[in-house]
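Right, one structure below, let's go through it.
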Amino acid sequence: MTDQKEHLFEVFDTLIRLKQECSCSIFSACELSDITVKQINYLKVIDTSDEITFSRLAEITRNSKPTITEMIRKLDHMGCVYRQPCPYDGRIHYIRLTGTGEKIARAEQKALQQVVERLAESLDDHEIEVLIEILRKVR
């Protein structure tokens, strides 16, 4: 690897580590430092879906209903989700996020915002403009 690529690697490694630290602090604040990536992904799907049922979550995640039921049971036990009965059909339950579930589902976005804030605090306006211009070239 050339020196430039090594330096670029180091810079991005630092940024990624910083984002992970911010994410971990959010998870720790929710007292869920042992939550899995898979559980976080389920929470993200629930967060971005309206009126999501067990069947719909199984379809989106390409899992069986028993797998979904077990995952939701765990997330419920962790205080991240709850089941809300459908007012029109008692057989159907919607999966809803608790406040903790919302924080976890949105933790990556929040962590990225924290990284951006730290960048903004460290750079002047011209440096920020140059960084934006450079990063826009990356596809």
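Numerical summary
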| quantity | calculated |
| --- | --- |
| Region 42-85: radius of gyration over Cα atoms, expressed as a fraction of 2.2 N^0.38 Å | 1.03 |
| Solvent-accessible area per residue, Å², over the chain with all protein chains present [probe radius 1.4 Å] | 73 Å² |
| For region 50-65, 3J(HN,Hα) per residue [Karplus equation, 6.51 cos²θ - 1.76 cosθ + 1.60, θ = phi - 60°, Hz, x = Gly/Pro] | 8, 6, 7, 9, 4, 5, 5, 5, 4, 5, 5, 8, 6, 10, 6, 4 |
| The chain: relative contact order as a whole-number percent, Cα under 8 Å and 6+ apart | 28 percent |
| Hits among lysines - C-alpha to C-alpha of residue 137 under 19 Å, sequence gap 8 or more where chains match | 5 |
| Residue 64 accessible area, 1.4 Å probe, all protein chains in place, Å² to nearest 10 | 60 Å² |
| Dimensionless Rg over Rh [region 6-132; C-alpha; Kirkwood] | 1.11 |
| Most mobile of 12, 27, 54 in a GNM of the chain (Cα contacts under 10 Å) | 12 |
| Zone residues, region 1-37, relative to residue 134, backbone N less than 16 Å from point 7 Å out along Cα-to-Cβ | 3-16 |
| Charged-residue dipole, Cβ positions (Lys, Arg, Asp, Glu), the chain about Cα centre, Debye nearest 20 | 960 debye |
| Peptides ranked, highest mean first, by Cβ atoms within 10 Å: ranges 123-129, 102-108, 89-95 | 102-108, 89-95, 123-129 |
| 17 Å cut-off, amide nitrogen to a point 7 angstrom out along residue 18 Cα→Cβ, residues in region 122-139 | 122-136 |
| Entries of 19/65; 44/103; 38/110 with Cα pairs more than 22 Å apart | 19/65 |
| Carbon plus sulfur fraction of accessible area for the chain, probe 1.4 Å, in percent | 52 percent |
| Acute angle (nearest 10 degrees) that the helix 107-122 long axis makes with the longest principal axis of the chain, alpha-carbon atoms | 20 degrees |
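The values are calculated or read from the model by the stated rules, or taken from the named source; none is laboratory data. Just so it is clear, the model here is predicted, and its values are computed rather than measured. Because the Cβ atoms are built from the backbone with ideal geometry, glycine has one as well, and the counts that use them run over all protein chains shown. Heavy atoms of the whole protein, side chains included, go into the accessibility calculation; ligands, DNA and RNA do not. Shrake-Rupley method; radii C 1.70, N 1.55, O 1.52, S 1.80 Å.
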